[in-house]
Amino acid sequence: MTPSPLHTPPVDTPPVDTAALTVLNLPMSDARVRPLLDELALEYDTRYGSLFGRGAAAEELNRYPAGEFAAPGGALLIVRENGESVAGGAFRRHGPQTAEFKRIWTHSAHRRRGLARFVLAELEALAGRRGYRKVYLTTGPRQPEAKHLYLSTGYEAQFDLSADPETIGPLAFTKDLPGANPAANPAALLGRRGPGTGGSG
């Protein structure tokens, strides 16, 4: 049984105004990254505590050294709105031309606004400029909104979509990136509004 989300935003949550957003490329130690890490830990423990045990979230968040998310092979992006960290995501090197997206997060009070799509577009554009040609990512079996987000933004499931997700474990997705394009417009992936995502990978 899938736990309910930590926070259900009101139905009339306003769509994101990309002009009002600031995207920062920050080190993991920056204080503006803290909301992402704190909420992901809470999200993971809430959803997966009964599956993997309490404390598994902290173990997952500390699995990779901070340096893996630093340039040139990695990055950690935080999206700020009105001085608040509202969304973010990161990538690390997964292979010579493959980036692994991690820590994709939308603040619990700002979901269903298109922020997760915006973060994906920002990460894809930056990864492309860094020379990556493919993205690999995983999400958990109890995050159907994240699964929907990836499927609706061109990611290909590397698992049987008809199977019970909890019999699979981490759900893997891949996507080929277009050629590097410095003028890429991250807002283009916003398209229609889809479900917000609490956290992934």
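The values are calculated or read from the model by the stated rules, or taken from the named source; none is laboratory data. In this text the structure is predicted, and so the values were computed from the model without any measurement. With ideal geometry, Cβ positions are generated from the backbone for all residues, glycine too; neighbour counts draw on all protein chains shown. Heavy atoms of the whole protein, side chains included, go into the accessibility calculation; ligands, DNA and RNA do not. Shrake-Rupley method; radii C 1.70, N 1.55, O 1.52, S 1.80 Å.
I'd like to verify a number: residues in the stretch 35-61 that are under 27 Å from residue 97 (Cβ atoms) and either modelled with pLDDT under 75 or among the basic types (Lys, Arg) (or both), how many?
Qualifying residue count, the stretch 35-61: 2.
Six or more apart or on different chains, Cβ atoms under 9 Å: show the pairs whose first residue is in the stretch 116-131 and farther than 15 Å from residue 93 by Cβ and touching a residue at least 60 places away in the same chain (Cβ under 8 Å) and whose second is among the basic types (Lys, Arg) and assigned to a loop (DSSP other than H, G, I, E, B).
That search, which allows pairs on different chains as well, returns 117/193.
Could you list, in sequence order, all residues of the stretch 135-151 that are touching a Gly at 6+ places or on another chain (Cβ under 7 Å) and part of a helix (DSSP H, G or I)?
145, 148, 149
Conditions tested, residue by residue: (1) more than 21 Å from residue 39 (Cα to Cα); (2) open to solvent by 20 Å² or more (accessible area, probe 1.4 Å); (3) of a type in the set (D, E, K, R); (4) without any contact (Cβ under 8 Å) to a residue 40 or more places away in the chain.
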site: 65; (1), (2), (3), (4): no, yes, no, yes
site: 73; (1), (2), (3), (4): yes, no, no, no
site: 89; (1), (2), (3), (4): no, no, no, yes
site: 94; (1), (2), (3), (4): yes, yes, no, no
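What are the residues in the stretch 122-152 that are open to solvent by less than 10 Å² (accessible area, probe 1.4 Å) and farther than 21 Å from residue 44 by Cβ, if any?
Once the filter is applied, which keeps residues that are open to solvent by less than 10 Å² (accessible area, probe 1.4 Å) and farther than 21 Å from residue 44 by Cβ, the stretch 122-152 yields 127, 128, 132, 135.
If you scan the stretch 153-166, which residues turn out to be without any contact (Cβ under 8 Å) to a residue 24 or more places away in the chain and either farther than 14 Å from residue 89 by Cβ or open to solvent by 40 Å² or more (accessible area, probe 1.4 Å) (or both)?
Residues of the stretch 153-166 that are without any contact (Cβ under 8 Å) to a residue 24 or more places away in the chain, as a first pass: 154-164.
Residues satisfying the conditions are 154, 156, 157, 158, 159, 160, 161, 162, 163, 164.
Looking only at the stretch 98-112, how many residues end up being in contact with a Leu (Cβ under 9 Å, 6 or more places away or on another chain) and either open to solvent by 20 Å² or more (accessible area, probe 1.4 Å) or part of a helix (DSSP H, G or I) (or both)?
To start, the set of residues in the stretch 98-112 that are in contact with a Leu (Cβ under 9 Å, 6 or more places away or on another chain) comprises 99-108.
Filter again for either open to solvent by 20 Å² or more (accessible area, probe 1.4 Å) or part of a helix (DSSP H, G or I) (or both), leaving 107-108.
Number of matching residues: 2.
Can you tell me which of 174, 138 is in contact with a strand residue (DSSP E or B) (Cβ under 8 Å, 6 or more places away or on another chain) and farther than 28 Å from residue 32 by Cα?
174
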